[in-house]
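These notes concern the structure reproduced below.
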Amino acid sequence: MKLTDSQKEIIKTEVEITAVRSSGPGGQNVNKVSSKIELRYKPSSTQAFCGEQLVLLNEQLTAHLTAEGYLIITAQESRSQIQNRESAINKLFALIEKTLTVKRKRISTKPTFASVTKRLDKKRQHSIKKAFRKKNNWE
């Protein structure tokens, strides 16, 4: 399920973003600048989703939530705090979209007659090839 622009805006207002010191690239700059972004989002108290979506979101994300019910996403790929902020928000949106996508149930089918005969012919050919490799066939 794709998130609408209004849902994205609501989520952006509900997110808590903090900048911390990163362990990523930047040399000595890492010791001075807080470029790593920690994004905290509480899916149980969001206004962006209705009842069924909220239940699905809480069920699927329980392994990712802290004891207080927060989902924490970090981004430190870039030396720029702004790029890391965008990256963290995009990660959150991707995770929510993946969570809300309902997987279709697989319908099992039977192989066609042509595919069965083709498979058996290949097995027979392979068996003949192996049989010719045996020692007693060379005598």
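Across Thr13, Thr18, the residue with the most accessible area heads the list, and the full order at a 1.4 Å probe is Thr13, Thr18. Which lysines have a Cα lying under 29 Å from the Cα of Lys42, excluding residues fewer than 8 positions away in the same chain? Within the straight-line limit of under 29 Å, Lys42 reaches these lysines: Lys2, Lys8, Lys12, Lys91, Lys98, Lys103. Heavy-atom accessible area for Ile82, with the other protein chains in place and a 1.4 Å probe, reaches approximately 120 Å². For the pair Lys103 and Ser23, a Förster radius of 35 Å applied to the C-beta separation gives a FRET efficiency near 0.45, rounded to the nearest 0.05. For segment 1-108, the set of trypsin sites (Lys or Arg not before Pro) satisfying both a DSSP loop assignment and a count of at most 11 other C-beta atoms within 10 Å is given as Lys2, Lys32, Lys103, Arg104, Lys105, Arg106. Let a ≥ b ≥ c be the square roots of the eigenvalues of the Cα gyration tensor of segment 20-79; is it rounded (a/c under 1.5), or, if not, prolate (a/b larger than b/c) or oblate? Prolate is the answer for segment 20-79, as a/c is 1.5 or above and a/b outweighs b/c.
Partner lysines whose Cα lies under 22 Å from the Cα of Lys129, excluding those fewer than 8 positions away in the same chain, are identified as Lys118. Please list the equivalent ellipsoid semi-axes of segment 69-139, computed as the square roots of five times the alpha-carbon gyration tensor eigenvalues, in descending order and whole angstrom. Semi-axis lengths for segment 69-139 are 57, 23, 10 Å. In the chain, the DSSP-assigned H stretches of four residues or longer account for a calculated mean residue ellipticity at 222 nm of -14000 deg cm²/dmol, using -39500 (n - 2.57) per stretch and the full residue count as denominator. Solvent-accessible surface (1.4 Å probe) assigned to Asp121 amounts to roughly 80 Å².
Taken over the chain, the percentage of Cα pairs per 5 Å bin, counting from 0 up to the bin with the maximum distance, is 2, 8, 13, 13, 10, 8, 6, 5, 4, 4, 6, 7, 6, 4, 2, 1, 0.
Of the solvent-accessible surface of the chain, computed with a 1.4 Å probe over protein heavy atoms with every protein chain present, carbon and sulfur atoms account for 53 percent. The mean accessible area for residues of the chain, using a 1.4 Å probe and ignoring ligands and nucleic acids, is 76 Å² per residue.
The values are calculated or read from the model by the stated rules, or taken from the named source; none is laboratory data. The structure presented is a predicted model; accordingly, all values stated were derived computationally and were not measured. Positions of Cβ are backbone-derived with ideal geometry, glycine not excepted, and every protein chain shown enters the neighbour counts. Remember, those area values only see protein heavy atoms, side chains included, never the ligands or the DNA or RNA. Shrake-Rupley method; radii C 1.70, N 1.55, O 1.52, S 1.80 Å.
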